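Reading through the structure tokens given below for one structure.
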Amino acid sequence: MATEKTDTLKHFVKVKPDNQFKPSERWRITRNVLVIGTAFMVNFTAFMGATNLQSSINADDSLGTFTLASIYGSLIFSNIFLPTLVISWLGCKWTISLSILTYVPFMAAQFYPKFYTMIPAGLMVGIGAGPLWCAKCTYLTVAAEAYATLSDVAADVLVTRFFGLFFMFYQMAQVWGNLISSAVLSYGMDSVPVNTTLNSSIVMEVCGANFCGATSNTTDSPKLERPSEERIHLISGIYLCCMIVASLIVTFGVDSLSRYNKGRSGSATGLSGFKLLAVTLKLLKEKNQLLILPIIIFIGAEQAFLFADYNASFVSCAWGISNIGFVMICFGVTNAIAALGAGSIMKLTGRRPLMIFAFFLHVGILVFLLRWKPTPEHNYMFFLMSGLWGLCDAMWLVQVNALSGLLFPGKEEAAFSNFRLWESTGSVITYAYSPYLCTHTKLYCLMGILGLGMIGYGLIEWSGKASRVIPESKPDFELVANGEVNDTSKL
């Protein structure tokens, strides 16, 4: 195990005192966070770009939507059984690197999109996503706590700041992925005759909150043609290369986490596989884990609604498939900026005002979408709604991720495994009912889940558990000298 291995290495490596690392080690920790963020940005440039198009380009028999449901369905299984096991075997670094490769079959399946190619590829993505996200969250949390031992900044602030920095990179993937798809799909469109004219009165009746997915009367719905196979194949080829590059970035650019976790009693340290699984499941018995579940489920549900229902019901239906990418770029930009600023704003205001602000803003968006009649003439509204949604999503992701790590000290792997488990549960339920319910019903469902989530979060704040401060004792982290440990096969 990692602890035993480090103890063995101490016989051969002279460990330097902490003060010798102060000038450079903080930059090294920051560099690792930046490299991980870059790798996720490159990988999810491909995945998000493809995901945003699924409900439109693979609309026949709802193939794209069911594929997304298969991803998050297998992610539920993955989050229950795999993260702590895989991390204990491979360590955080190699878990991230290898898990990224499980996204490759999904992109390859875009060249031949059938149920027997897309669904298995989607299942593979979900299997790899559980360990991937849990390893990332664990790495950032441990790195932030290590950084706190070398600075005067509180660990809980650093955890939020590191998550904010990461999600800035992560959400920038929306920008690049959608820029690629939009550029390819819209190139030369002005010179191509338009076969279908979208009548505004028809659009107002069948699109937006009135859109009813697979139950819609297709004779009244605007006819939006699937892009040519050549353009889809070009997009898929670019995305495929991005995923391979992302795995290589982690392999060659990230330090082993064993550099910082000496003496840490994490939930994936020194336990057998079944015990590690038991830790993850046992966490569900804790009161705070149950209280935080509704808001986690909402995060998964609101993301699934945006990527599938907003794109299909509003953007694609009322304005056209080729504009989905441009609208999602607006979401990505605002999401990235908000994620980056969340840590600094929290330092000034605390977590509660941010969560309350996100709640009221998101409720306002949902109410507006219920009443809005989208038309191509009011194209600026598509950008405004996606931008505000990105602002809310960033605050939910950063604050709830950080809160999950702070509520369960020493059990970060299990806590983040449960986060992804219930986030994916919210997503898979939303994707599963998406083809069968009208959009206005889905909006009411989101409101209900959000209300329950804020009640649970409020009870956590009221109990005082959310104000936990990482102990000031610093011997938990032992920094191993640069270049003196060559074996990074663990963590």
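Of note:
- Amide H contacts under 5 Å for Val153: none, restricted to partners 5 or more places along the chain or on a different chain, H placed in the peptide plane at 1.01 Å from N.
- Distance between the pseudo-spin-label points of Lys287 and Met204 (7 Å out from Cα toward the beta carbon): 5.3 nm.
- Of interest is the spacing of the C-alpha centroids, which for segment 276-328 and segment 26-81 amounts to 12 Å.
- Label-to-label distance for Phe77 and Leu452 is 2.5 nm, based on points extended 7 Å past Cα in the beta-carbon direction.
- Modelled FRET efficiency - R0 35 Å, Thr349 with Cys241, Cβ distances, 0.05 increments: 0.25
- Peptide packing: for 129-140, 396-407, 430-441, 282-293, the average count of neighbouring Cβ atoms within 10 Å per residue gives the ranking 129-140, 396-407, 430-441, 282-293, highest mean first.
- Residue-count net charge about Tyr112 - beta-carbon cut-off 15 Å; Lys, Arg +1, Asp, Glu -1: -1
- Using a probe of 1.4 Å on the protein chains alone, the accessible area found for Phe81 is around 80 Å².
- Cα-projected label distance for Phe360 with Lys114, points at 7 Å along beta-carbon direction, nm: 5.5
- Restraint check, Lys285/Lys411; Lys93/Lys411; Lys136/Lys411; Lys287/Lys411; Lys411/Lys442, Cα-Cα greater than 23 Å: Lys411/Lys442
- Based on protein heavy atoms only, segment 275-323 ends up with 28 Å² per residue of surface accessible to a 1.4 Å probe.
The values are calculated or read from the model by the stated rules, or taken from the named source; none is laboratory data. Quick caveat: nothing in here was measured; it's all calculated off a predicted structure. Counting neighbours? That spans all protein chains shown, and the Cβs are built from the backbone with ideal geometry, glycine included. The accessibility values were calculated without ligands, DNA or RNA, using every heavy atom of the protein model including side chains. Shrake-Rupley method; radii C 1.70, N 1.55, O 1.52, S 1.80 Å.
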